[in-house]
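Below is one structure, written out as structure tokens; comments come after it.
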Amino acid sequence: MSNDIGQAGAQDQLRLQSNILDKEEARKEAKRKYARERAREKRKDPAYRALELERNRRWVADNKGQALESKRVAGRKWYRANRDQKLAANKAWKLANPEKVREYAKRRRQISSIIKRSDYDSRDYADVLYADPCSYCGERADTVDHIEPKYLGGENHWSNFTAACISCNSSKGTTNLLEFLCR
Ligand SMILES: [Zn+2]
């Protein structure tokens, strides 16, 4: 008997705790919403926006690897969420743009020749990269980018490869990663 009461008491206790947690979570969410709205308001002021951009720039400069990784994660997440639509759109685009398809195929051959000069792991990795979206903008990637350009001493090694669309890859060109990300 006393044991039954004890169990019921424990359940009430749990329910109470979970209510408190729900309320706590709701309070936190309300706070976050308020912060988001305030930030949006503040951003309308060009001076504040400039400060914020500068702060972001500095953060990227201090967190080079982390910044790139979060871009990658966002790109992959986006791709996973939009994969089917993206593939269908790619197919339609290919049918509508045969000359571009040829141009890209040529580019891909050039890239494979770059990659052939690297070691086995790097070639393997480059193959995987072809399925990834562009690390810089999340669009479809057709090229493998040297994160640190070869021109600046970047290696022909998988650790220096990432997927990039032609547009990002060519606009990045021989600029170093940070400079490019901060543009
Ligand atoms: Zn891109």
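Just wondering, is there one or more residues in the range 49-62 that are of a type in the set (Asp, Glu) and not in a helix (DSSP H, G or I)? Checking the range 49-62: not a single residue is of a type in the set (Asp, Glu) and not in a helix (DSSP H, G or I). Take the residues in the range 120-129 that are of a type outside the set (Lys, Arg) and away from the ligand (no atom under 16 Å from the Cβ), then tell me which one is nearest to Arg83 (Cα to Cα). Ranking the candidates gives Val128 first. So for the range 36-57 (the condition being at pLDDT 80 or above, over 21 Å from Cys134 (Cα atoms) and hydroxyl-bearing (Ser, Thr, Tyr)), does at least one residue qualify? Looking for residues that are at pLDDT 80 or above, over 21 Å from Cys134 (Cα atoms) and hydroxyl-bearing (Ser, Thr, Tyr), one finds at least one in the range 36-57, hence yes.
Find the residue count for the range 130-179, including only residues that are in a helix (DSSP H, G or I), away from the ligand (no atom under 11 Å from the Cβ) and surrounded by fewer than 20 Cβ atoms within 10 Å (Cβ to Cβ). Number of matching residues: 7. The sole residue among Ala89, Ala74, Ala81 that is within 16 Å of the ligand (Cβ to nearest atom), under 30 Å from Asn56 (Cβ atoms) and among the small types (Gly, Ala, Ser) is Ala74. With the checklist (1) at pLDDT below 85; (2) surrounded by 13 or more Cβ atoms within 10 Å (Cβ to Cβ) in hand, flag the one item Ser113 doesn't pass. Every listed condition holds for Ser113 apart from (2).
The values are calculated or read from the model by the stated rules, or taken from the named source; none is laboratory data. None of the values given here were measured: they were computed from a predicted structure. No Cβ is skipped: glycine too gets one built from the backbone with ideal geometry, and neighbour counts run over all protein chains shown.
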